[in-house]
């Protein structure tokens with residue numbers, strides 16, 4: 001189980017640094033936030049605030065952010081997902097995607113806020129594209145990872 | 001499906017959240033207001049390097065594919081075109097040698113210091129900052145190759161930006177279009193000095209505090225002025241593309257387009273000022289005055305590096 005979590009995050013990190021044309025980057029989903037939401041919702045016993053913090057630190061190092069920029073949002077999102085996982089898992093997939101959209105919005109709120117503290121201008125419109133792309137991707141992640149877990153008989 | 005235990009052990013979930021938020025805040029504050037973390041980052045960023053190498057593999061495969069499966073005809077056409085281009089450039093260089101020599105002699109007459117020339121090292125793009133709001137790239141030259149923080153980076157058409165962080169084998173380049181970046185420039189037409197800054201848009205830069213009396217026109221070329229000591233003087237930065245003179249405003253709004261092809265170039269040039277110790281590896285020096293290029297073949301292991309040395313006597 002842990003190995004699946006680690007492998008999924010390594011894949012997500014690779015996907016998030018894959019070089020894209022400058023203008024296409026506005027549509028790249030927030031893969032890390034997506035996985036944190038997924039794991040905190042579907043395996044809360046394996047993935048909590050501490051795991052989210054570790055993920056955030058590694059993400060910040062690899063994405064060359066200020067240390068803590070995405071970490072702050074990720075731990076808050078993991079906490080909210082942890083509070084709501086019982087209700088969320090019983091929803092239809094598209095409703096889960098809506099909830100994921102809100103959570104990614106919260107994540108971006110925090111990371112933009114930290115960027116603002118670091119003295120940058122923030123363009124909110126850019127964040128909307130990534131948030132929407134992330135929410136659209138969420139149901140697919142749920143389905144694919146469910147298939148993988150059934151295939152390898154991992155607890156769900 | 002697990003059920004929330006009634007009597008949870010250990011600290012409560014909320015207190016754990018508070019603890020980690022606090023730790024993160026402390027890290028952020030330390031990173032923002034002190035310099036301790038940047039030393040740690042020099043080593044920590046090395047963790048990121050393999051990720052960028054792997055992330056670059058699809059690109060490299062594409063290039064390899066293109067190289068391997070080009071038709072003979074395309075290669076021949078390319079070859080002929082490049083030969084023509086080299087001939088033209090060399091002719092232009094011959095003239096340049098004479099002109100720069102003359103310029104230096106005139107400067108000598110005026111008692112001002114001579115124009116020294118800079119060495120450049122070719123670097124390749126390894127990755128692009130994943131955050132769409134940050135205009136940063138990662139290149140494949142690090143402190144091992146002599147790259148240092150604050151070093152100017154060019155491409156074939158103009159100034160690209162400067163290095164803001166180095167690791168052993170890679171460094172981060174902040175583009176001039178990033179909204180945290182500003183650079184002192186001057187108009188090449190009349191030597192008026194001003195400051196140009198990024199606004200987070202890859203195709204637009206803004207000139208700050210341009211008085212309405214200033215002589216500036218659409219199409220003016222702005223070159224780096226070398227003030228501030230960070231960028232070498234005389235490299236093209238941008239051309240003025242929009243001027244909005246609003247009588248109600250105290251300053252003119254001027255927008256310029258960067259001359260460097262920021263979203264296209266795969267290769268950039270690191271500038272080593274002439275007075276700085278040059279790295280040994282892969283540096284080729286050639287003098288314009290003598291009008292010859294040093295043979296690259298003796299440095300076959302290193303990268304093709306060209307030095308333009310304009311008559312420093």
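Every read-out reported here was derived from the displayed coordinates using simple, explicitly stated rules and does not represent laboratory data. Fair warning: this is a prediction, and the values are worked out from it, not measured in the lab. Cβ sites come from the backbone with ideal geometry, for glycine too, and all protein chains shown count toward neighbours.
Laid out as a table, the results:
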| quantity | calculated |
| --- | --- |
| Acute angle (nearest 10 degrees) that the helix A:69-88 long axis makes with the longest principal axis of chain A, alpha-carbon atoms | 30 degrees |
| More than 15 Å apart - percent of Cα-Cα pairs taken over the range A:1-67 | 54 percent |
| The range B:51-194: C-alpha gyration tensor shape, a/c 1.5 cut-off, then a/b vs b/c | oblate |
| Candidates A:18, A:74, A:83, ranked by Gaussian network fluctuation over chain A, Cα under 10 Å, top entry | A:18 |
| For residues of A:41-49, the mean tally of beta carbons on other chains within 10 Å | 2 |
| Computed [θ] at 222 nm, deg cm²/dmol, chain A (DSSP H ≥ 4; -39,500 (n - 2.57); rounded to nearest 500) | -25000 deg cm²/dmol |
| Per-residue average of Cβ from other chains inside 10 Å of A:115-121 | 4 |
| Distance between the range A:116-156 and the range A:26-60 - C-alpha centres, whole angstrom | 9 Å |
| Residue among A:136, A:125, A:75 with the largest mean-square fluctuation in a Gaussian network model of chain A, springs linking Cα atoms under 10 Å | A:125 |
| Peptides A:56-62, B:261-267 ordered by average Cβ neighbours within 10 Å, highest first | A:56-62, B:261-267 |
| Spin-label model distance (nm) - residue B:257 vs residue B:233, 7 Å beyond Cα toward Cβ | 2.9 nm |
| Highest-first arrangement of B:208-214, B:178-184, where packing means the average Cβ count within 10 Å | B:178-184, B:208-214 |
| Calculated FRET value between residue B:246 and residue B:12, using beta carbons and R₀ = 45 Å, to 0.05 | 0.20 |
| Packing-based ranking, highest mean first, of A:33-46, B:34-47 given that Cβ atoms within 10 Å are counted | A:33-46, B:34-47 |
| Residue B:72-residue A:6 pseudo-label distance in nm [points 7 Å out on the Cα-to-Cβ vector] | 5.3 nm |
| Average beta-carbon neighbours from other chains, 10 Å sphere, peptide B:13-19 | 5 |
| Length added when fully stretched, residue B:190-residue B:85, from 0.36 nm per residue minus Cα-Cα | 34.7 nm |
